[in-house]
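Bear in mind that the values in this text are calculations on the coordinates, not laboratory data. Only a predicted model underlies this, so the values are computations on that prediction, with no experimental measurement involved. Every residue, glycine as well, gets a Cβ built from its backbone with ideal geometry; the counts of neighbours run over all protein chains shown.
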Amino acid sequence: MTTARSGPRRPLRPPRTGAGLVVANLDADHQFARALGLGLEPPRPTKAARARAGVLGRLMAVLAGPDDRLIGFAGTGDDPALWPGQSMPLVENDRIEATLAATSFAVTMPDPPNMPILPWAETRDVAALRAAMLRAANGRPAPSHRPIGHPVVDALWALAPPDPDTVARLNHRRHALRMAESMGIERFGAALVRSTVEVSERLAPDGDSRRGAAEVGAASCVVKAACSSAGRDRVWVASDGTMGADDEARLERLFARHGEAVIEPWLDRTADFGVVGHVDADGQPTVVGLHRQRVDAHGRFKGIDVPLGMDVGDDRLEALLGLRVGEAEALRGVHRAVGLAIGALGYRGAYGIDAWHWRDAAGRTRLQPLGELNARLSMGFLGRVLADRAVAAVGPVRGAAAVDATGVVRVASAAR
């Protein structure tokens, strides 16, 4: 077995009873698409993409105790610590000698062989890994995870995993569109498309997407792969329907790889936000936190700003994040409605919604309260837990410095 360390290989030590396995399967979008029968098998990630996934996957250590193990992409460095004095769990390579033919992970079975698992997203591969561990343990269930002292994380470890195919369906962009429609949230002609021909039809003079773009003054529309995240796998086209050979070629590649996509007007976004929480064992949602998202001009994820020392109802939160009066409450309400809906469909675990400010054709700033739905963990969720644990471990000043040093999460504090 190889590890993400550079230097001599360190032997695996048997975990103590109650230790768990954290799975940083940040390629879950491709697994969702595969479960839904969409597109072609994705190519193996490039070295740069794997290194980026390693950096982001490293943040999942905030869910772990000192005896837990983390499976992630290589590139996490040599025993990184997320805050001073933290005991980092062993980091293993994501592609090891294959012992589970049906999965993209393959781990040498620990002793004891069955461990609780907490993944980035519940997928068929994770379910197969659980089943293999259960068989190796002769059907003995995994022991309860030893608490780490963070109530939300401990609650996630205690949840029974949801059905992976239900999770895949919830993470298809179609579901967020339906949720927005059910709550009366305008998406301005956004629709599911399966081919370049359908894109052209949506942008024809009488097409809904073209009319929606005209309503908001959008010069272009974005075509987003059905199962994708962090601003990846997108193609922009002119909202008046004019397309050159290069545009058509890019769309053809997108549909060949992903099968389905959503087209929507590219709004003039001025600020991005997120709300994260979880659905408990009874199907009830809880808001864990709000944060500001940093994205580039094409909506690609760059990082998050997490409020420090404020609960979700703090009066200072809106001003700190750039929200207007009443918008934090509105976002919490949408988050709760989404959580109740996906809980009724059987989902249990972490989830989040993305939202943004945008400027309409008259120059007014408006709130889009539901753009994306992530029925899985997210960087916003990990950032919230990281801030909590770092501050609890070393205090607010050193904790804030440690959080900022990740390069992904940044502290937002009224005191600073």
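Miscellaneous remarks
- What separates the Cα centres of segment 384-416 and segment 246-279 is a distance of 31 Å.
- Once the C-beta distance of ASP296 and ASP163 is scaled by a Förster radius of 30 Å, the resulting FRET efficiency is 0.30 to the nearest 0.05.
- Its residue count N sets the reference 2.2 N^0.38 Å, and the alpha-carbon radius of gyration of segment 153-252 equals 1.32 times that reference.
- In whole percents, the pair-distance distribution calculated for segment 207-285 from its alpha-carbon pairs, binned every 10 Å from zero, is 16, 37, 28, 13, 5, 0.
- Electrostatic bookkeeping for ILE353 treats Lys and Arg as +1 and Asp and Glu as -1; over the other residues with beta carbon under 11 Å from its beta carbon, the sum is 0.
- Efficiency of FRET from Cβ geometry, LEU192 and ARG366, R₀ 25 Å, rounded to 0.05: 0.55
- Cut-off under 5 Å, modelled amide H: who pairs with ALA412 long-range: VAL306, LEU308
- Neighbourhood net charge (13 Å Cβ-Cβ; Lys/Arg +1, Asp/Glu -1) for GLY283: 0
- Each residue of segment 248-259 was assigned a 3J(HN,Hα) from its phi angle through the Karplus curve 6.51 cos²θ - 1.76 cosθ + 1.60 (θ = phi - 60°); the sequence is 5, 5, 5, 5, 4, 5, 4, 6, 5, 7, 10, x Hz, with glycine and proline shown as x.
- Two-site FRET efficiency, ALA414 against GLU181, from Cβ-Cβ distance with R₀ of 56 Å, rounded to 0.05: 0.90
- Global form of segment 303-416, assessed from the alpha-carbon gyration tensor, a/c cut-off 1.5: oblate
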